[in-house]
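One structure is given here, and the rest of the page talks about it.
The values are calculated or read from the model by the stated rules, or taken from the named source; none is laboratory data. Just so it is clear, the structure is predicted and the values come from calculations on it, not from any experiment. Cβ placement follows ideal geometry from the backbone for every residue including glycine, while neighbour counts extend to all protein chains displayed. These area figures cover heavy atoms from the full protein model, side chains too; ligands, DNA and RNA do not enter into them. Shrake-Rupley method; radii C 1.70, N 1.55, O 1.52, S 1.80 Å.
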Amino acid sequence: MSKRRATIPHLIAVAALAIGYGLAAGQSYPSKPVRIIVTNPAGGTVDILARTVGDHLGKALGQPFVVENRPGANGNIGTELLTKGPADGYTLMVGPPGPFAINASLFSRLPYNPSTDFTPVSLLAVAPLVLVVNPSVPAKNLEELLRGIRGQGRVSYASQGLASTGQLAMELLKSMTGVQMDHVPYKGSAPAIADLVAGHVKVAFDNTTSSLPHVRRGALRAVAVAEKRRLEAAPDIPTVDEQGLKGFEATPWFGIAARAGTSRDIVEKLSAEIAVGLKEPETQKKFFNLGVELRGTTPEEFAGTIRVETEKWGRIVKLSGARLD
């Protein structure tokens, strides 16, 4: 009995110290520059979002938030840097669904555990994919595009990289229609779209951020949106679903995470401040014009999104037959 009585005050003291440390960490954070690892190359949607969030956090919290692009292996390189670092909130990671919800279905082994090695901070945005073609392709709708591809035998399509959302969406389209296309992977949206505009490849599923500006100036033609509904920023582009492929949906999103074990107060502080920044009118206008829907959620809401999306993208990976080992 005496031992039990002795341990209870001890446990209470330890718990109090832990709570006190967490509160102190949250109040003093950040006291030095913060590193934001971006799992994609510069110039694409993930990079633009990360820099926008970093600029706001830097102004709001009084320390630089420095973006560092570490692309490769469908986000695994950048994610591993986060998960192998200290859980102090001074290294964050911004990425698309790959490291959060897709890679577990694509790779037999990962250098991190998506379920346990990072702490969700906030879902930042959703950026639907648009099926775009070079203007030399005569197709004005999905039916004409599929007919043209079948007539030519094979067509090359671009993606943001191996097992990217752009590739998975196209492989899903191939599996649902039976058309044959050759995959040309790039290191991000920017080089993929550059070659699409130049006519080196003919078709791609790409994020609205990098594709819509080219569509608006006539350098690309939009054929369909890989969403359940049309884009508010471009309502004249029909969905894949309404053009005959019922149930077709492959929508990328982007989130920010910290290392697992990071103080709850730091995570909540970041999440709350990110939500404020994403609601700023100029930021909302900027991303609306790019077809991007800004979110800014609680850590719990983002964790729920990851759970649901892991199941959804797992189904897409299975249907597409994509695999990276």
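Close amide H partners of residue 255, meaning residues 5 or more places away or on another chain with modelled amide H under 5 Å apart, are 95, 124. Label separation (residue 300 vs residue 198): 5.0 nm, computed from points 7 Å beyond Cα along the C-beta direction.
Annotation: amide H-H contacts under 5 Å for residue 118 (H modelled 1.01 Å from N, sequence separation of 5 or more, or interchain): 260. Summing Lys and Arg as +1 and Asp and Glu as -1 over all other residues whose Cβ lies under 15 Å from the Cβ of residue 220 gives a net charge of +2.
Above 21 Å, the calculated P(r) of region 116-199 contains 36 percent of its Cα-Cα pairs.
Its Cα gyration tensor gives region 208-283 an equivalent ellipsoid. The semi-axes, each the square root of 5 times an eigenvalue, are 34, 17, 11 Å from largest down. Using a Förster distance of 30 angstrom, determine the FRET efficiency expected from the C-beta separation of residue 28 and residue 104, and round it to 0.05. Step by step, r from the Cβ atoms, then E = 0.25.
The 3J(HN,Hα) values that the Karplus relation (6.51, -1.76, 1.60; θ = phi - 60°) gives for region 286-297 are, in residue order, 4, 7, 4, 5, 8, x, 9, 9, 6, 10, x, 10 Hz. Gly and Pro appear as x. When nucleic acids and ligands are ignored and a 1.4 Å probe is applied, residue 285 ends up with an accessible area of around 130 Å².
Summarising the amide proton neighbourhood of residue 67: residues at separation of 5 or more, or on other chains, whose placed amide H is nearer than 5 Å comprise 36. With coordinates expressed along the principal axes, the C-alpha atoms belonging to region 179-325 extend over 50, 40, 30 Å, beginning with the largest. Subtracting the Cα-Cα distance of residue 68 and residue 136 from 0.36 nm times their residue separation leaves 20.8 nm of extension gain. Classify region 50-131 from the C-alpha gyration tensor, please: rounded if a/c falls under 1.5, else prolate or oblate depending on whether a/b exceeds b/c. Note, shape of region 50-131 comes out oblate.
Using the 1.4 Å probe convention, the accessible area of region 164-315 works out to 42 Å² per residue with neighbouring protein chains retained. In this label model, residue 319 and residue 84 are separated by 3.6 nm, measuring between points 7 Å along each Cα→Cβ vector. Here the 3J(HN,Hα) profile of region 311-324, calculated from phi with Karplus coefficients 6.51, -1.76 and 1.60 at θ = phi - 60°, is 5, 5, 5, x, 5, 5, 4, 5, 5, 6, x, 5, 7, 10 Hz, Gly and Pro shown as x. Measuring nothing but protein heavy atoms, the accessible surface of region 68-109 at 1.4 Å probe radius is 53 percent carbon and sulfur. Note: region 269-319, Cα convex hull, 77 Å³ per residue. Most tightly packed first, judged by the mean number of other beta-carbon atoms within 10 Å of their residues, the peptides 75-83, 107-115 read 75-83, 107-115.
When the alpha carbon gyration tensor of region 12-164 is reduced to an equivalent ellipsoid, its three semi-axes come out at 41, 18, 12 angstrom, largest first.
Backbone phi angles across region 253-268, fed through the Karplus curve with coefficients 6.51, -1.76 and 1.60 (θ = phi - 60°), yield HN-Hα couplings of 9, 9, x, 10, 9, 10, 5, 4, x, 5, 3, 4, 5, 5, 4, 5 Hz in residue order; Gly and Pro are listed as x. Within the full protein context, the accessible area of residue 300 is estimated at about 100 Å² for a probe radius of 1.4 Å. Straight-distance candidates among the lysines for linking to residue 202, with alpha-carbon spacing under 20 Å and chain neighbours fewer than 8 residues away dropped: 140, 174, 187.
All alpha carbon pair distances within region 101-250 were sorted into 10 Å bins beginning at 0; the resulting P(r) in whole percents reads 11, 40, 34, 12, 3.
Restricted to Cα atoms, region 175-256 shows a radius of gyration and a Dmax of 13.3, 36 angstrom. Distance distribution note for region 40-87: the fraction of Cα pairs above 16 angstrom is 48%. Annotation: residue 283 carries an accessible surface of approximately 20 Å², with a 1.4 Å probe and no ligand, DNA or RNA atoms counted.
Computed over the chain, the quotient of the alpha carbon radius of gyration and 2.2 N^0.38 Å is 1.10. Estimated from the Cβ-Cβ distance and a Förster radius of 25 angstrom, the FRET efficiency linking residue 60 and residue 285 is about 0.80.
Cross-link partners of residue 59 among lysines, defined as those whose alpha carbon lies under 24 angstrom from its own and excluding same-chain residues fewer than eight positions apart: 32, 269, 279, 285, 286.
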